[in-house]
Structures are given as C-alpha cells and as structure tokens.
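The values are calculated or read from the model by the stated rules, or taken from the named source; none is laboratory data. All of these numbers come straight from a predicted model, not from anything done at the bench. Positions of Cβ are generated from backbone atoms using ideal geometry, with glycine treated the same way; all protein chains shown enter the neighbour counts.
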Amino acid sequence: MFLQIPRQTSYRLVSSPAAEACFIILYNGLAGVGVPACGVQSLKDVRQDVAVDNRGIHRGTDVTRVATFEIHHTGFIDRDGRPTQALPPFAEDRDTVVAFYRAMVLTRTFDAKAVAMQRTGRLGTFASSLGQEAIAVGVGAAMTAEDVLLPYAREYGAQMLRGVTLTELFLFWGGDERGNDFATPRQDFPVTVPIATHVPHAAGVAMAFKLRGERRAAVCLFGDGATSKGEFYEGLNLAGVWGVPAVFIVCNNAWAISMPRERQTAAETLAQKAIAAGVSSEQVDGNDVVAVHAAMQGALARARAGEGPHLIEAITYRLADHTTADNASRYRDDEVVGAHWQEDPIKRVKAYLVERLDWTKAEEEALIASCTAEVEAAAEQYLAMPPAPVEAIFDFMYAELPADLAVQRGALLKERSGRG
Ligand SMILES: Cc1ncc(C[n+]2csc(CCOP(=O)(O)OP(=O)(O)O)c2C)c(N)n1
Ligand SMILES: [Mg+2]
C-alpha cells in the first residue's frame, strides 16, 4: 500500500500485450500496489518483476509504458507565516496581501455573526467556512468580473470579492431567495446545495464561452466528498473532451459531514481524479492563500489562452461543525481539530504581514473594527427587511405558471387575504 505522499507523487502505468492487461503503479521508483515489494529502479526491472506477480500469476515480460502522470503539491507560506520558497511577485505587494487578509478576516467575521444569528433563531441552517477562508479568497481574487463563479456552500469569501453583498448572503442563509438575486455579479450561480450537480453546469458554462469565442472562464468549487459523485466525473469528462475554459477547485477539508476523506475514496490524491478525464491537475496547500492564488492565476491564464480546463485540489481542514445542524464532536476528536488550528490560514497571513510587510497593531485594530462594522451593518439591514411575499414561492420557477400551480397560487392569496 502507499503511504501519504505530501510533496510529489509519481506514477507509471504499464500495459501488457498479454491477454490480461497489467497495471503497475510505482512511486519514486519503488513498487506499489500489485507489484512484488522489491525495489524497482527502471522499466527494465519492471519487465523482469512483472513476469510473475505477487499472487503467482504470469503477467508477461513484454510491456510498454503507455502513460505517465505526476501530481505536484505547492505551498509558499508555512504555518508560521514564513516563506518556504521564492514567492510570486503579488505576495511581495503589501496592498495585495492586505486585501487578501481583509477579505479573509471579513469572511470569518461574517461567519461568526451568521453562526450567532442561527443560534438565536434569526438565520437558517448555516455552513461555516471556518479554516477554509484562504481558498475562497485566493480563488475569488484571481477572477475577473467576466468570469462566472459556480460555488458550493462555503465560498462566500469568493462571493464577497465578486460583489455579492453581505446582506444578500444573510438573506440567502436566512432562507430568502432574494439573497440569490445578486445585484452583481448577475451571471454567477447561487450556492449549490446538491452535492456536485454544478460540476456539469460549469462545463456547460465554459462550453458557451468557448463557442462564443469569449475569453472568460467558469470557476467551480466543491468539496472532497463531491469528487466521489457521478456528476463530478461526468462534468470533468465533458470539460476534458471539449477542452473548455473551466477551473475546478476541490476544497478538501478532510470531511464530508461525518465521513472522513479516507473512508469515502481510496484515491491517493483527489487531484489525480482529473487525469482520467484528460484534465491537468495539481494539489496546493489550501491554508496558504498565496499558493491558492498562484495556482488560480496560472489555471485562469491557461484557460483564457485556450489551453483547456484544470483542477486544483486545495488541502485544508473543516474547523467547524459541518453546519449549524451538526455536532462534530460526536464523530471526531477535539484534539485532532485543535492540532489543525495550527494551520489556520488567517493566522499565517497575519504572521507574514507582521514579519515581512511591517503590519502594525494599529492597522490590525482598524481592520478588525472595519470588518466588524461592515458585518453588523449588513446584519441589521437583513433583519430590518420585510419578509418576501409568500406567493414568491410560485413566481420564479416558470416563465408561465402551469395551470395547476396557478390555481394553488390563487388559493393561497385568497386564504391569506381572508386572514386579514
Ligand atoms: C446530492 C446530495 N446528496 C447528499 C447531500 C447531503 N450532504 C450535504 S453536504 C454533504 C457532504 C459534502 O461533503 P464535501 O463535498 O466534502 O463538502 P463539505 O461539506 O465538506 O465542504 C452531503 C452528503 C446533498 N446535499 N446533496
Ligand atoms: Mg469536505
């Protein structure tokens, strides 16, 4: 079996002209699944070793390597805020890093307020993005206004950067569909609660851009659990075969509700799932906003240049419950969660800012105060809004309401007017 391979995973697929196909996976020159556990240093050795496999079955010696692939993992800033390698130019630009930091702090401030409002009966079930702020911000900041975002549920950091207001976000999480009718960006998709169903949509959106010759990209985010669903494979397959300008981001937060990552898929990395669809892919430190942003910039540039889709697996950790309807302490250790707080994406950007870009205490206090004021103002605006008219449940699904629903709509209005 393979062990966790943090930096770079290297595979060689070897086929056999013999009746039964032979499938060998090697890691850094060492034999993996299905191969005798001796060191395999070269293709020549492979040929000798595969004559008889570890169950004594003859596999043939005349084999040809038909495909190779590698998954690379990139990180730039470690958990203490220290650069681990030469940084991309944007990471040396103070204004850019401060903008990332503010967006991440704003996300977390909104998050805390949303949880508090749910707990006090003023918001619906809410999916926290605690610990995942670097992904949404790194992605959202790389997009242009013309691109289209297809989010899952935890990416309001990206939605905010694209112009969705905090009031709209509160409305949505309060169960009010007006929260999805963004003033801007008009063509972005709303939160997609059904897991992975928006992956084929993203391929379709990107296909439209390609057909029209527009230099735009569809950007689709989803979780690790989504990569175990059919729609994920179908969407990736379409994107790969059509060669469309789409970027897929897997927010690998190690959990799908109570299902740990290792129990829902045997794949060694989630990035490698794209390879079978002919889609290039990579893995990044999802707690490092610089790594996420750099990967996104590259993927978007290639998509716009007509070089097709790309998938980024961003490794992070869900620090909160799955949603406010969950109690994660029933299925995971607080100690493990505590250890993951060391990876906090906000803490590390702050440390980087302080150490490298002279971020001051006064600037920090001003930033916190302005994020808090912004969130509080939006919450008040949301709470002050009169509820949507009840007949709105009929009004946005059809261009022309079917007769049976029109009857129900009329009956509802009559009943309500009767109540005075
Ligand atoms: C089609 C579908 N099946 C089941 C659910 C219930 N459900 C909601 S979130 C979730 C887990 C998703 O896990 P992952 O994709 O890793 O995203 P995360 O919530 O961890 O960010 C499930 C199964 C759903 N929303 N949609
Ligand atoms: Mg998950």
Legend entry - In the range 315-369, the residues that are away from ligand 2 (no atom under 16 Å from the Cβ), among the small types (Gly, Ala, Ser) and in contact (Cβ under 8 Å) with a residue 12 or more places away in the chain: 351
Inset, instruction - Please enumerate the residues belonging to the range 197-228 that are aromatic (Phe, Trp, Tyr) and either surrounded by fewer than 21 Cβ atoms within 10 Å (Cβ to Cβ) or within 15 Å of ligand 2 (Cβ to nearest atom) (or both). - result: 222
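Would you mind stating whether residue 270 is buried (at least 24 other Cβ atoms within 10 Å of the Cβ), assigned by TED's automatic domain parsing to the domain that holds residue 90 and either acidic (Asp, Glu) or in contact with an Asp or Glu (Cβ under 8 Å, 6 or more places away or on another chain) (or both)?
Spelling it out, residue 270 is indeed buried (at least 24 other Cβ atoms within 10 Å of the Cβ), assigned by TED's automatic domain parsing to the domain that holds residue 90 and either acidic (Asp, Glu) or in contact with an Asp or Glu (Cβ under 8 Å, 6 or more places away or on another chain) (or both).
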Inset, instruction - For residues that are within 30 Å of residue 176 (Cα to Cα), among the β-branched types (Val, Ile, Thr) and surrounded by 18 or more Cβ atoms within 10 Å (Cβ to Cβ), tally how many sit in the range 348-390. - result: 1
Inset, instruction - For the range 176-195, enumerate the residues that are surrounded by fewer than 18 Cβ atoms within 10 Å (Cβ to Cβ) and touching a Lys or Arg at 6+ places or on another chain (Cβ under 8 Å). - result: 184, 185
Legend entry - Unique match (being under 30 Å from residue 381 (Cα atoms), of a type in the set (S, T, N, Q) and at pLDDT 90 or above) among 84, 107: 107
Legend entry - Close pairs (7 angstrom Cβ cut-off, 6 or more residues apart or separate chains): under 15 Å from residue 203 (Cα atoms) in the range 215-233, acidic (Asp, Glu) anywhere: 216/146; 216/147; 217/147; 219/147; 221/155
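For the range 387-402, does any single residue satisfy the condition of being of a type outside the set (Phe, Trp, Tyr) and within 24 Å of residue 113 (Cα to Cα)? Walk me through it before giving the result.
In the first step, residues of the range 387-402 are kept if they are of a type outside the set (Phe, Trp, Tyr); the result is 387-393, 395, 397, 399-402.
Filter once more, keeping what is within 24 Å of residue 113 (Cα to Cα): 387-388.
Checked against the condition, which is being of a type outside the set (Phe, Trp, Tyr) and within 24 Å of residue 113 (Cα to Cα), the range 387-402 yields at least one hit.
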Legend entry - Contacts under 7 angstrom Cβ, first residue in the range 399-420 being in a helix (DSSP H, G or I), partner aliphatic (A, V, I, L, M), 6 or more apart: 409/401; 412/390; 416/390
Legend entry - Members of the range 269-312 that are of a type in the set (D, E, K, R) and in contact with a Gly (Cβ under 6 Å, 6 or more places away or on another chain): 285, 288
Legend entry - Enumeration of residues in the range 164-196 that are within 16 Å of ligand 2 (Cβ to nearest atom) and in contact with an Asp or Glu (Cβ under 9 Å, 6 or more places away or on another chain): 191, 194, 195, 196
Legend entry - Residue match in the range 364-378 (condition: closer than 19 Å to residue 164 by Cβ and either in contact with a Gly (Cβ under 9 Å, 6 or more places away or on another chain) or not in a helix (DSSP H, G or I) (or both)): no
Legend entry - Identity of the residue in the range 179-212, at pLDDT 95 or above and polar (S, T, N, Q), that ends up nearest to the chain's Cα centre (by Cα): 192
Legend entry - Total residues in the range 250-291, condition within 14 Å of ligand 2 (Cβ to nearest atom) and within 14 Å of the chain's Cα centre (by Cα): 9
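Would you point out which residue out of 123, 149 is surrounded by 15 or more Cβ atoms within 10 Å (Cβ to Cβ) and touching a strand residue (DSSP E or B) at 6+ places or on another chain (Cβ under 8 Å)?
Checking each option against the conditions leaves just 149.
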Legend entry - Subset of the range 285-310 (residues that are assigned to a helix (DSSP H, G or I), in contact (Cβ under 8 Å) with a residue 40 or more places away in the chain and crowded, with 17+ Cβ neighbours inside 10 Å): 289, 290, 291, 292, 293, 294, 295, 296, 299, 300, 303, 304
